[in-house]
Amino acid sequence: MYRNVAPASFRQVQTVGLPPHSATTSASGSKKVVAIIAGVLLIVLVVVAGLEVGNFLGGVPGRASSPFPLTSYVNLTIHYSPATGDSWYTPGNFAVPAMSRVVFTITNYDPSTNYLLVPNDNCVAGTVGGEEFVQVNSSHPPSQVTCLATTGVSHTFTMYDTLYNLNVPVPPAPNDRTPITVTFSATFGSQGTYQWGCMCRCGPMTEPGMMYGNVTVT
């Protein structure tokens with residue numbers, strides 16, 4: 001009698017000659033996992049790079065991602081009269097472009113200190129980086145300042161409204177012939193006319209365009 005069974009050697013050839021299906025599937029799956037991880041890492045790198053470029057171009061407080069592409073400059077002077085003791089800003093009214101970063105320089109000739117009308121207005125608020133830079137003269141580098149002593153404030157540049165919460169304390173000049181300068185940056189978005197003022201008890205406080213005025217965002 002004959003049985004229809006292949007010889008042992010033939011059965012072994014058939015088994016060994018076929019590649020295992022499970023090994024092929026495992027290798028293919030590993031390649032897919034590596035490709036997915038590489039893709040995720042690439043996306044993360046692109047996002048981080050985009051945020052850093054946006055921060056560099058915008059220069060907005062708190063490293064905000066929305067850019068302010070324009071930069072403009074405003075120079076303000078605080079004058080002082082030794083004869084009357086009065087002090088006043090010029091210009092009192094000025095304009096800045098919307099969606100811009102504005103670099104302010106305040107030059108103060110007033111050597112006196114004045115009483116703060118609002119507590120905590122001896123500290124900087126609302127500027128880029130939450131800081132100002134104070135320089136006595138060009139031979140000394142500017143100092144980074146976040147707060148002045150409450151008894152060491154000559155004037156402030158302050159905007160309090162629903163859109164802008166900006167406060168910059170200004171220290172007194174060494175004397176009425178040697179000014180002190182304060183530099184800071186602030187960002188302006190929406191168009192409109194907004195009021196600024198000095199929050200110290202100084203004169204002439206009630207005359208428009210002297211210790212208070214308007215910032216027009218165009």
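Values quoted throughout were computed directly from the atomic coordinates according to the rules given, and no laboratory measurement underlies them. Every value quoted in this text rests on a predicted model; they were computed, and no experiment measured them. Glycine also receives a Cβ, built like all others from the backbone with ideal geometry; neighbour counts cover every protein chain displayed.
Structure above, values below:
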{"read-out": "Extension gain (nm, one decimal) between residue 98 and residue 191, 0.36 nm per residue minus Cα-Cα", "value": "32.9 nm"}
{"read-out": "Highest-first arrangement of 69-82, 173-186, where packing means the average Cβ count within 10 Å", "value": "173-186, 69-82"}
